[in-house]
1. Could you run the Karplus curve 6.51 cos²θ - 1.76 cosθ + 1.60 with θ = phi - 60° over region 201-215 and give me ³J(HN,Hα) per residue in whole Hz, x for Gly and Pro?
2. Would you list 100, 28 from fewest to most Cβ contacts within 10 Å?
3. Give the order of 316, 138 when sorted by the count of other beta carbons within 10 angstrom, beginning with the fewest.
4. Neighbouring Cβ atoms within 10 Å as the yardstick, rank 130, 41 fewest first.
5. Can you bin region 43-131 into rounded, prolate or oblate? Criterion: square roots of the alpha carbon gyration tensor eigenvalues sorted a ≥ b ≥ c, rounded for a/c under 1.5, prolate for a/b above b/c, oblate for the rest.
6. Quote to one decimal, in nm, the extra length available between residue 204 and residue 51 on full extension: 0.36 nm per residue of separation minus the C-alpha distance between them.
Amino acid sequence: MKTEPATLRIQADTWDFRARLLGWYDAHARDLPWRRDQDPYRVWLSEIMLQQTRVAAVIEHYHEFLRRFPTVEKLAAAREASVLAAWSGLGYYRRARMLHAAAKVVTKKLGGRFPTTAEALLDLPGIGRYTAAAIASIAFGEAVAVVDGNVERVLQRISGQQLSGEKFWNAAGELLDRERPGDFNQAMMELGATVCTPRGPSCLTCPVVDLCATRGELADTPKTAPQKKGEIHYALHFRDTDGSNGKVFLVQRARDASLMAGMWELPEIEVLTGKKQVPRFTLNDKSEESKQAPRFVRDDKRKRSHHKSNGRATPIFMVRHSITVTDYTVRVWQGETPRAISGQWILVERLNRLPLTGLARKILRKAEILQD
Ligand code: SF4
């Protein structure tokens, strides 16, 4: 007689659950590039890229990143600016820095060989419990379960239990297929991503519907916090140059900035609130109207560096951009060339080799300075 799992109660034995889930995964798994082999470097890279990033965006960057850095040794030997440039567009740049740091550890301290257990993988920079378990199970076949948001949702719905914290890990470990842990982990995540979705799960096509306690009716899963709204302003300065395709004025974020440290972006300006926003770049003008004028700000420490010119600024376009939990309306202005900001005129042909923030890239594309 089979014993009931200590943490998880499902309506049949776990063997049945595993067989149904793996059978479905074998037949219906999405053909994703990192699933084509179990190379630990590729598994690791995909897992880091997939953190907080959509699969479609990762596919776009995964091939290019591997083209530039096909091995962990090549990645370790690269300059940080090149790694950040290859990461540009994925956001959360700390991941790229940690990836680079971990590549150096693997190459210099471990002779190019990845640790093969989740416990040992945890010692590498940027690798947490989820990522360590994912790499160990997928690349090395270690019987350790993963828990991410998709797995949590599936576990709660099939069991009808409100779980939290360590109980998720225990429940996932009880269900895990020890013969095929990597496939099982990916199958759980795939089920959550494609069938047992947050809103409107497709229970009619679910391979484990007969074993599910809720069939989508466990409504009280934690709600994600609503996105905040914000407005930010940037100045776009472009000049034609003889014999090249122009230059654009960019500033580099502080090396110790909390977000996107060392990346390049357009100068941020601040529009003082008032009855209307007046597009001038000066604060030297004492008129009422200039009290609402945009001001340059230097970096994320908000040290201000006011522009000395009296020239008018013109709004040129607007884009929308999300950073963590805030949806920004981004207004882009054109005005006289800045004199009081420490930035650089960058040749357009160099832009693709520079670590640009995702927002800078978006603005430069919209302005048709950068091509897609
Ligand atoms: Fe999710 Fe519905 Fe499948 Fe249950 S039956 S696991 S709620 S998709």
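Bear in mind that the values in this text are calculations on the coordinates, not laboratory data. Keep in mind the model is a prediction, meaning the values are calculated, not measured. Cβ placement follows ideal geometry from the backbone for every residue including glycine, while neighbour counts extend to all protein chains displayed.
1. After applying 6.51 cos²θ - 1.76 cosθ + 1.60, I find x, 8, 4, 5, 10, 7, x, 10, 4, 5, 9, 8, 6, 10, 6 Hz.
2. 28, 100
3. 316, 138
4. 130, 41
5. oblate
6. This chain segment gains 52.2 nm when fully extended.
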